[in-house]
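**Student:** Before anything else, here's the structure in question.
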2 protein chains.
Amino acid sequence: MHFKFSLNVSKHSTCTTGSSSLSFRSHTCGELRPADVGEEVTLCGWVQYLRQDLFVIMRDFSGLAQILIPQDEVRLHVAVTFTISVIEMPTGEIEVLAESVEILNVCRKLPFEIKDFVKKSESLRMQYRYLDLRSSQMQYNLRLRSQLVMKMREYLCNVHGFVDVETPTLFKRTPGGAKEFVVPSREPGRFYSLPQSPQQFKQLLMVAGIDRYFQLARCYRDEGSKPDRQPEFTQVDIEMSFVDQAGIRGLIEGLVQYSWPVEKDPVSTPFPCITYEKAMKDYGVDKPDTRFAMKLMDISKTFHNTEIEFLKDALNQPGGCIQAICIPDGAVKECQLSLVFFCDIFVFFFPKEVSVVLVKADGALKSPLNRLMPASAKQQLLQMAQARPGDLLLISAGTQECRPLLGKLRLQCAELLESSGVAVRDPSAFHFLWVVDFPLFLPKEEDPDQLESAHHPFTAPLPEDAHLLYSLPHKVRGQHYDLVLNGCEIGGGSIRIHKASDQQHVLETILKEDPSLLSHLLEALDSGAPPHGGIALGLDRFLSIIVGAPSIRDVIAFPKSFRGHDLMSRAPDFVSEDELKSYHIAVNWPAGDEGNQEK
Amino acid sequence: MHFKFSLNVSKHSTCTTGSSSLSFRSHTCGELRPADVGEEVTLCGWVQYLRQDLFVIMRDFSGLAQILIPQDEVRLHVAVTFTISVIEMPTGEIEVLAESVEILNVCRKLPFEIKDFVKKSESLRMQYRYLDLRSSQMQYNLRLRSQLVMKMREYLCNVHGFVDVETPTLFKRTPGGAKEFVVPSREPGRFYSLPQSPQQFKQLLMVAGIDRYFQLARCYRDEGSKPDRQPEFTQVDIEMSFVDQAGIRGLIEGLVQYSWPVEKDPVSTPFPCITYEKAMKDYGVDKPDTRFAMKLMDISKTFHNTEIEFLKDALNQPGGCIQAICIPDGAVKECQLSLVFFCDIFVFFFPKEVSVVLVKADGALKSPLNRLMPASAKQQLLQMAQARPGDLLLISAGTQECRPLLGKLRLQCAELLESSGVAVRDPSAFHFLWVVDFPLFLPKEEDPDQLESAHHPFTAPLPEDAHLLYSLPHKVRGQHYDLVLNGCEIGGGSIRIHKASDQQHVLETILKEDPSLLSHLLEALDSGAPPHGGIALGLDRFLSIIVGAPSIRDVIAFPKSFRGHDLMSRAPDFVSEDELKSYHIAVNWPAGDEGNQEK
């Protein structure tokens, strides 16, 4: 038996809007309702599976529909269109009966099943990305991305009068832009560069009087192989004139609130805001995960008379201190094994840097430090660290470095506790946080007498520190702000330097850079540049946190592998010498590697 | 006298939405109204000019405001903020009185004045683009672009359920993609390529069940130096599943109507639609400008007994014909000079290809052909060509080639008439037109026995021609459609081949290409690909026609020069040998050109 259904669009043109407008179908699988009983409708989609020799389970992006049909007509995964009658079942549910079917395409045996419970290797998913994207999770991720971005645009463009301006991606190499891809031009020796962000353009647009700019900007970063980084990524790029930090922060809080998925708990604003100094002091990191406590505590006092050699040494250094974190229930049976095992390994490799103290059920301490501490000190330690029986204390002594060390251990312990089944962080919680008042300059690693920009050379100083720019630049705090979500930096920006003389001073005198390389920007600032500032949000990272994806690859339609490869099309690929000629370049084959050249 | 105004954002936070939200200002210059009388408001902007030693004319993106103030406070183009009082003048108009002023920045002497009537050279505009963008025309163009794009997104996303999906720009080189920029990777000899369009990705997204995709896609094309082309440009990229030509055309007509600027006359739909064959027959071009007539006419009949050698020869060829266009009033005094001069030059260089016939006031002909034509033929010629006294006829004889020739002359004559002050085309008219039923394949120029795709190899044949694909492929018409506006192609698309076997046949048997280079696409089609089709609109070109700009550079914030240069930052630029090392490439300096390498 073979049903033939000839496509006749005029028949289905009843939808003028929505997901079935202008289509062969009249409805999507997911939207059939008891109200449709008696209607003749047309569905288009794929055969997901066959059931009881009687039913076809049909899939489209909206869901599944069960259709009563002679089974021998169809095979798995073929694209089909059904004209069906919707009938009411005695139970009150609806059922759909095929009137006619047209098989629109056939299907080879697929390399994996399109079922959510079928686990696929990452490389298989990437190689057959067009099948992987059929999964309900990936459909959800990409559709949520589209909706979120649409809401962001509405907010910026329609609510706040921002202008969406596209900026070039074929640009000039930034001085020292080691992570910028180069693009050879047809002029010998001349190259474009793919910029890491539209930073210069957004500032020039403010000089141009655009007043409020935004762009969903494609950015490029060549970092070779780094896990969970992509050579191209997208940022929500924003710049405003006549604005201060509070204005930008308010804008972004509104943006997040406006675009937040309706199915999630609403976000409350304003977001908490802490200084860089406080973040380092309490969390040992500039992007704290505030979903849980376990803050760093300064317990130097406990040991100010100590005879314990390494603690004494630490306190005798300038800026020396003793820090601790208390892991609640970290010493109880279920957690102890993994935590203590982890800490033991850690202490084995870095013996002097971290000491582990278990607080036993009776309040006694179990630690190599135990016998070296007088009872009063033990008492004070427990009090200062607010430790209770069953808790585990990690103690580190030194100067600056002990805070970041404990900051990392804090996060690792949280993960270890969670993997032992202890609830540390609410998986449905979203903790936004502003971090502000960063230092404007940091000593260069390779030459600590020299300063480099903590973020970039265009960040303005805090007004109250501005006078130090010409005397004590290392003490200047910048008007930079980071937006942190659940311990990940999802955005950063600043109020910019808008006076050419200040910008020239920063580039030339403080950073010892050649200002002629940025002469166009300096000239622009000298053309009556308005006060301005902005921010960039990392869209891929933001989305991956919202949907709870383990990798940003799960919110990008066609990502590259961690080695930067497109496994589906096999990019990057070899290009013939002949094709490179018009770009006046030749490949320098590493010795012994020239065989690769073939193909 | 020096007024100092300290910025206090809380004071101006009364706007929670609109162009002044979150800003230092409370109003824009353009929005002050009599209703604001008595208010104290804050404006931020630039000093446009000074007047009568008393007034400052202040500019922001919204317009100008005249402010009463002691002049010695401010200089031209400095960025300033004023706190002002709005007072009512006896005339009923409002005037604003400065209460305080803060000078936010200073300004050097600018290379040109920011006044619309000041003509600047193209290269000066490009070098100081951030000043050029301050002009009211460029502000209008960029703001209109942003609004139009926002409306397009609302229509696609909110009205029709499209999903905005970003596709990669670092991709694999397309077989034969001579116009694709290459991007060296860190693996020796391997290159990414910047694609000319997301064609493969949009089709893969249909296989992936995304159902309706759109993207404002950045595309790249390396064509060296071509006037009014840009190495990177933006297309509105659309693809739909389960759709036919009528569905896509209806979608685009709705899209244009929905996003059309409110200040222009509304667009009526559906757009007229003609076949490729008819376009070539009537206009001699596949993108006719239908704002004026002057259509091509077949006047072969008039000469079927002619003794004029070259006309006789033309008619004796297979497919030979004689074509004419009639230029109304082309022979009257004011036009004659330029038109006849132009035609004379033309005929001088291509003597046999075009003959000029002037219809004198008394109906007599003035032409080299005149004495060779019997009176009856002259009569018939005037009748067939619907020529009246004062008109000018251009006649061409031959086979295929005479139509495109007259098609070009038709456009050039229209321009010449307009430059002589004759109204030919309404400058405020927008004539949209669909052109359909293109041939699917064309003979290759270099080897006419071989076929190549008229557009691209993924276009499906017309259903009624599909059977010819395996027998007479050169006769097959494709399901391709072009959208033409005022004689410019602003978009093109097609219903795609969705069966792997058909696609393989086209690639391998008809086009003689290696199908393994597109194996991932063939495999995808073989995975139950739905019927699908799409379109891409050239956003830059579309906008330049809407705003009446002479070049697409006028609707792009930071365009490249026609040689592909960024004159502001001087890109592309030299890159050191050292920086190229990690990409395993070296520059092949042309002989004698190595001096350039310095810098």
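Here, each number is a calculation from the coordinates, and none is a lab measurement. These numbers were taken from a predicted model, which means no experiment stands behind them. Counting neighbours? That spans all protein chains shown, and the Cβs are built from the backbone with ideal geometry, glycine included.
**Student:** Which order do B:Lys378, B:Lys120 fall in if you start with the one that has the fewest other Cβ atoms within 10 Å?
**Tutor:** Details: B:Lys378 19, B:Lys120 16.
Result, fewest neighbours first: B:Lys120, B:Lys378.
**Student:** Could you work out the mean count of beta carbons from other protein chains within 10 Å of each residue's beta carbon in A:305-314? Walk me through the numbers on the way to the answer.
**Tutor:** Values: counts 0, 0, 0, 0, 0, 0, 0, 0, 0, 0.
The mean count of partner-chain Cβ atoms within 10 Å per residue comes to 0.
**Student:** Using the Cα centre of the protein assembly as shown as origin and beta-carbon charges of +1 (Lys, Arg) and -1 (Asp, Glu), tell me which of A:Phe271, B:Asn305, B:Ser136 is placed farthest towards the positive end of the dipole.
**Tutor:** My answer, from the dipole projection, is A:Phe271.
**Student:** Tell me, A:Arg186, A:Arg563 in order of fewest to most beta-carbon neighbours within 10 Å?
**Tutor:** Lowest count first: A:Arg563, A:Arg186.
**Student:** P(r) of the protein assembly as shown in 20 Å steps, Cα pairs, percent per bin?
**Tutor:** All Cα pairs considered, the percentages come to 10, 32, 35, 19, 4, 1, 0.
**Student:** From the alpha carbon gyration tensor of the stretch B:389-531, can you work out the equivalent ellipsoid semi-axes (sqrt of 5 times each eigenvalue) and give them in Å, largest to smallest?
**Tutor:** Over the Cα atoms of the stretch B:389-531, the ellipsoid semi-axes are 39, 19, 12 Å.
**Student:** List the relative contact order of chain A as a percent without decimals, with contacts defined as Cα pairs under 8 Å and 6+ residues apart. List each step's numbers first, then the result.
**Tutor:** Values: 1067 pairs, mean separation 74.5, N = 599.
Worked out over chain A, it gives 12 percent.
**Student:** Another question about this same structure. So who's got an amide H within less than 5 Å of the one on B:Val80, skipping anything under 5 residues away but keeping other chains? H placed 1.01 Å off N, in plane.
**Tutor:** Here the answer is B:Gly45, B:Trp46, B:Val47, B:Leu104, since their amide H atoms fall under 5 Å of that of B:Val80.
**Student:** Past 24 Å, Cα to Cα: identify those pairs from B:Lys312/B:Lys475; B:Lys287/B:Lys475; A:Lys278/A:Lys301; B:Lys151/B:Lys226, in the order given.
**Tutor:** From the list (B:Lys312/B:Lys475; B:Lys287/B:Lys475; A:Lys278/A:Lys301; B:Lys151/B:Lys226), the Cα-Cα distance tops 24 Å for B:Lys312/B:Lys475; B:Lys151/B:Lys226.
**Student:** Add +1 for every Lys or Arg and -1 for every Asp or Glu among the other residues with Cβ under 11 Å from the Cβ of A:Gly176, and state the total.
**Tutor:** -3
**Student:** So, one more: Give me the distance between the Cα centres of the stretch A:156-219 and the stretch A:449-503, rounded to whole Å.
**Tutor:** If we compute the Cα centre of each part, the gap is 21 Å.
**Student:** Turning to a different aspect of this structure: Sequence-distant or interchain residues sharing an amide H contact under 5 Å with B:Leu451, placed H: which?
**Tutor:** B:Lys444
**Student:** Hey, another quick one. Give the nm distances, rounded to one decimal, from A:Pro404 to the matching residue in every other copy, measuring between label points 7 Å along Cα toward the beta carbon; shortest first.
**Tutor:** 6.5
**Student:** Shifting gears a bit: Net charge around A:Val484, counting only other residues with Cβ within less than 12 Å of its Cβ (Lys, Arg = +1; Asp, Glu = -1)?
**Tutor:** Neighbour charge sum, excluding A:Val484 itself: -1.
**Student:** For the pair B:Lys360 and B:Lys120, how long in nm is the line joining their label points, each one 7 Å along Cα→Cβ?
**Tutor:** About 5.5 nm, to one decimal.
**Student:** Distance in nm between label sites at A:Thr17 and A:Gln379, each 7 Å beyond Cα in the beta-carbon direction?
**Tutor:** Each label point is offset 7 Å from its Cα along the Cβ direction, giving 7.4 nm.
**Student:** Here is a follow-up. Taking every residue in B:246-253, how many Cβ atoms of other protein chains lie within 10 Å of its Cβ, on average?
**Tutor:** Mean partner shielding for this stretch: 3.
**Student:** Something else about it: Counting only other chains, what is the mean number of Cβ atoms within 10 angstrom of the Cβ of each residue in peptide B:548-561?
**Tutor:** Details: counts 0, 0, 0, 0, 0, 0, 0, 0, 4, 12, 11, 1, 3, 0.
Other-chain Cβ atoms within 10 Å of each residue's Cβ, averaged: 2.
**Student:** Let me ask another. Which value, in debye to the nearest 20, describes the size of the charge dipole of chain A about its Cα centre when Lys and Arg Cβ atoms bear +1, Asp and Glu Cβ atoms bear -1, and nothing else is charged?
**Tutor:** In debye, rounded to 20, chain A gives about 760.
**Student:** Figure the gain on full extension for B:Ser419 and B:His304 (residue separation times 0.36 nm, minus the Cα-Cα span) and round it to one decimal in nm.
**Tutor:** Value of the extension gain: 37.7 nm.
**Student:** Now for a separate question. Please give the FRET efficiency for A:Thr269 paired with B:Glu401, using the beta carbon to beta carbon distance and R0 = 51 Å, rounded to the nearest 0.05. Please list the in-between numbers first.
**Tutor:** Values: r = 68 Å, r/R0 = 1.34.
Approximately 0.15, to the nearest 0.05.
**Student:** Which percent of Cα-Cα pairs in the stretch B:292-419 sits in each 5 Å bin, short to long?
**Tutor:** 2, 11, 23, 26, 22, 12, 4, 1, 0
**Student:** Still on this structure, please answer the following. Quick one: putting +1 on the C-beta of Lys and Arg, -1 on the C-beta of Asp and Glu, what dipole do you get for the stretch A:292-419 around its Cα centre, in Debye to the nearest 20?
**Tutor:** 220 debye
**Student:** What net charge do the residues around B:Leu216 carry, taking every other residue with its C-beta under 10 Å from that of B:Leu216, with Lys and Arg at +1 and Asp and Glu at -1? Don't jump to the answer; show the numbers that get you there.
**Tutor:** On the way: positive: B:Arg153, B:Arg218; negative: A:Asp164, A:Glu166, B:Asp164, B:Glu166, B:Asp237.
After counting each charged neighbour, the total is -3.
**Student:** Here is a further query. Only four residue types carry charge here, +1 at the Cβ of Lys and Arg and -1 at the Cβ of Asp and Glu. Report the dipole size of the protein assembly as shown about the Cα centre in Debye, rounded to the nearest 20.
**Tutor:** 160 debye
**Student:** Among A:Ser519, B:Ala79, B:Gln450, whose Cα lies farthest out toward the positive end of the dipole of the protein assembly as shown, if unit charges sit on the beta carbon of Lys, Arg (+1) and Asp, Glu (-1)?
**Tutor:** B:Ala79
**Student:** Starting from the Kirkwood radius over alpha-carbon pairs of chain A, derive D by Stokes-Einstein at 37 °C in a medium of 0.692 mPa s and give it in µm² s⁻¹. If you can, show how the numbers build up before the last one.
**Tutor:** Working: Rh = 29.1 Å.
Calculated translational D: 113 µm²/s.
**Student:** A further question follows. In whole Hz and in residue order, list the ³J(HN,Hα) couplings for the stretch B:175-180 that follow from phi through the Karplus curve 6.51 cos²θ - 1.76 cosθ + 1.60, θ = phi - 60°; x for Gly and Pro.
**Tutor:** With the stated coefficients, the stretch B:175-180 comes to x, x, x, 5, 9, 9 Hz.
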